[in-house]
1. Any chance segment 123-134 includes a residue that's in a helix (DSSP H, G or I) and not aliphatic (A, V, I, L, M)?
2. Y250 versus (1) open to solvent by less than 70 Å² (accessible area, probe 1.4 Å); (2) of a type in the set (F, W, Y); (3) under 25 Å from the mean Cα position of the chain (by Cα): which is the lone unmet condition?
3. Out of the residues in segment 118-144 meeting the condition of being of a type in the set (F, W, Y) and closer than 20 Å to E69 by Cβ, tell me which one is farthest from the chain's Cα centre (by Cα).
4. From the residues in segment 154-172 that are touching a helix residue (DSSP H, G or I) at 6+ places or on another chain (Cβ under 9 Å) and free of Cβ contacts under 8 Å to residues at least 60 places away in the same chain, which one is surrounded by the fewest Cβ atoms within 10 Å (Cβ to Cβ)?
5. Is there a residue in segment 171-189 that is among the aromatic types (F, W, Y) and within 30 Å of E260 (Cβ to Cβ)?
6. Go through segment 166-200 and give me each residue that's more than 30 Å from N139 (Cβ to Cβ) and among the basic types (K, R).
7. Select the strands (runs of 3 or more DSSP E) contained entirely in segment 370-483, then report the ones holding at least 1 residues which are acidic (D, E).
8. Out of all the residues in segment 108-127, which are open to solvent by 50 Å² or more (accessible area, probe 1.4 Å), out of contact with any helix residue (DSSP H, G or I) (no Cβ under 8 Å at 6 or more places or on another chain) and closer than 25 Å to F53 by Cβ?
Amino acid sequence: QHPIRRLIHMPSGSSLKLHTTGAAPASTDTLDLFEASPTSMWLEDYSGLRKLFDSWRRAGVTDLRAHLEADPRHIAQCSENIRVLRVNRRTLDLYGAESFEELSSRMHEVLRDDTFEAHISEMVQLWQGSSQFESKSVNYALNGKRLDILLKGVVLPDHEACWDRVLVVVEDVTELEDTRRRANHSEQYARSLFAYAPVSLWVEDFSAIKALLDELREQGITDFRTFTDVHPEFVERCMAEIRVLNVNHYTLGMYKASSEAELLSRLPEVFRDEMFPHFREQLIDLWDNRLFQQREVLNYALDGNVVNIHLQFSVFAGHEDTWDLVLLALTDITARKKAEAYLEYLGKHDVLTKLKNRSFYVDELNRLERKARLPISAVIIDLNRLKEINDSLGHAIGDNMLQRTGEILLQAVDKPFQPARIGGDEFAILLPGMDETGCDVLVENIRELIDLNNQFYNGPPLHLSIGSATCHTAGRLEETLREADLRMYKDKRRYYEQSPADRRKWNDEASDE
C-alpha cells in the first residue's frame with residue numbers, strides 16, 4: 001500500500017500528516033491576504049521533519065533518496081512529521097471541499113497514485129540544504145477529478161532554523177498538462193504513422209542543395225537544364241549533399257537492409273546508374289520551385305536487385321525557404337512494372353516460340369511502307385507436317401516443333417531484325433536494308449541450323465519450307481511478300497515430291513490453304 005495513503009487511513013488521534021492544532025497567531029492583514037489569494041496556499045509545520053532529518057544524519061544517512069526508496073516506511077515517517085496548519089479558500093474550491101475539516105478527513109482521496117516520486121523529490125531538496133522546493137505531481141479533487149499540480153514550497157523568513165512555518169503554493173496546471181499530453185499523443189501518433197507506414201518514408205535535408213542552386217542564380221545562371229548538360233558533375237555533387245535524417249521500418253525491408261545504419265552507409269549502392277538522370281529532372285523541378293514532385297525512378301536493393309519506385313517528394317510546410325526538412329514517400333512498383341512489361345511482351349510476342357507475333361509484324365509492315373529503307377528483303381517460312389504431327393502424335397509434340405522453330409530463327413537472325421510467328425505454322429522475317437545476297441546467306445544459315453537441330457532432338461525431324469524475295473522499289477512491298485510466299489510454296493512442293501509417302505498429305509494441306 002502507498003505509504004502516504006497508509007498514513008491517511010490511520011485512526012483519529014494518531015500521528016497524521018494533517019493537523020489543525022498548534023497554529024501560530026498571525027496578523028489580520030496577513031490572514032486576509034492568505035485567505036484572499038487566488039492561488040491555493042497551505043501553511044504547514046515542518047519542524048518535526050527537520051528533527052527527523054537530524055536524527056538520520058547522526059545515524060549516518062548521506063543519500064536521502066536511496067534511504068527513502070529502500071524502505072517505504074521512511075517516507076511514511078516524513079509524512080507523519082509534517083503538519084498542515086491552514087489552507088485558504090482557493091484550496092477548498094480547487095479540491096471541492098466544503099471545509100478544512102472535510103479536506104483533512106479525505107486527504108487519502110487527494111494524495112494517491114502518482115504522488116510517491118514527487119514527495120521524495122521535495123524531501124531531497126530540503127535535505128540538501130535548500131529552503132525552497134518544488135515538484136510536479138498529481139492530486140485528485142474530492143469528486144475524483146485528476147489535478148495536475150505544480151507545487152512550490154518555501155521556509156518562511158526567521159523560521160529557517162526549525163522549519164516550523166512553511167508556505168506551500170499549489171498551482172493547477174491540469175489544462176497545460178492536458179495540452180502537453182495531447183501534443184505528445186499527436187507526436188507519438190505521427191511517429192507511429194511514420195515508423196510503421198506500409199510505404200518507404202525518408203526524411204531528408206536538402207538545405208545544402210538549395211544553397212548550391214542559390215549560388216548558381218547569384219552567378220547569373222538562368223537556363224539550369226543547359227547548365228546541367230554542360231556540367232553533369234554538378235548533379236553528382238548535389239546528390240552527394242543530400243542528408244538522410246530518418247527512414248522508417250518499411251524502408252529497411254524494401255531495400256534489404258538489416259538496420260538504418262547499414263542502409264545509410266551503403267547509399268551509393270542504392271542510388272546509382274539510372275538514378276542520375278531522374279535526380280537531374282528532380283533538380284530542374286526544384287530550380288523551377290516545384291516543391292511537390294512525383295516521378296518513377298529506379299533504385300537498387302542492397303542485394304543488387306532493381307527496385308522500381310514511384311517517388312513523391314515534398315518540402316515540409318514552413319520549410320520552403322530552407323528545404324531543411326523534406327519528405328520522400330517511395331512506393332515499390334516493381335511487381336506492377338513486371339506485370340506491365342509482361343503484358344507489353346504478350347502484346348508483341350508469341351509466348352510459345354518467344355518470337356514476335358502477328359501484331360508486331362503488321363505494325364512493322366506499316367512502318368516500312370511509310371518509311372522505306374530500301375532494299376527490303378522478306379523471308380516467309382512454313383513448318384511442314386504440323387497438322388499431321390498434332391493429329392498423330394498430339395499437340396504437345398506439335399508445340400515442341402514450333403518451339404524448335406523459334407529457337408532456330410532466334411539463333412539465325414541477328415538484331416535489329418526480328419522473326420515473327422504470323423500464323424499457326426507460318427513465320428516471317430522482314431529485313432530492311434538487306435539485299436538478295438544477304439538474304440540468301442540468312443536462308444542458308446537457317447537450313448544449316450535445321451540440320452543441327454534435328455541431330456540434337458529426338459522425335460520427328462523438323463522440316464521448314466522457305467521462300468524469300470527482295471524489294472527495290474518503294475510501294476511494292478506487298479508484291480515482294482506475295483513473291484516470297486509463292487517461293488515458299490514451291491519449296492514445300494519440292495519437299496513433298498521428295499517424300500512420296502507424304503504426297504497425299506501435301507495435297508490435303510494445299511487444299512486447306
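The values are calculated or read from the model by the stated rules, or taken from the named source; none is laboratory data. Computed from a predicted structure; not experimentally measured. Using ideal geometry, Cβ is built from the backbone for each residue, glycine included, and neighbour counts are taken over all protein chains shown. To get the accessible areas, we keep the full protein, side chains included, count just its heavy atoms, and leave off ligands, DNA and RNA. Shrake-Rupley method; radii C 1.70, N 1.55, O 1.52, S 1.80 Å.
1. Of all residues in segment 123-134, those in a helix (DSSP H, G or I) come to 123-127.
The next check asks that each one be not aliphatic (A, V, I, L, M); those that pass are 125, 127.
Looking for residues that are in a helix (DSSP H, G or I) and not aliphatic (A, V, I, L, M), one finds at least one in segment 123-134, hence yes.
2. Checking Y250 against (1) open to solvent by less than 70 Å² (accessible area, probe 1.4 Å); (2) of a type in the set (F, W, Y); (3) under 25 Å from the mean Cα position of the chain (by Cα), the one that fails is (1).
3. Looking only at segment 118-144, we keep the residues that are of a type in the set (F, W, Y), and these are 127, 133, 140.
If we keep only those that are closer than 20 Å to E69 by Cβ too, we end up with 127, 133.
Working: W127: 52, F133: 47 Å.
Applying the filter and picking the extreme gives W127.
4. Among those residues, the one meeting the criterion is A161.
5. The initial filter retains those residues of segment 171-189 that are among the aromatic types (F, W, Y), namely 189.
Add one more test, that the residue is within 30 Å of E260 (Cβ to Cβ), and what stays is 189.
So far as segment 171-189 goes, yes, one or more of its residues are among the aromatic types (F, W, Y) and within 30 Å of E260 (Cβ to Cβ).
6. Filtering segment 166-200 down to residues more than 30 Å from N139 (Cβ to Cβ) leaves 190-200.
Across segment 166-200, the qualifying residue is only R191.
7. On the way: elements: 376-383, 426-432, 464-471.
In segment 370-483, the matching strands (runs of 3 or more DSSP E) lie at 376-383, 426-432.
8. Matches in segment 108-127: D114, E117.
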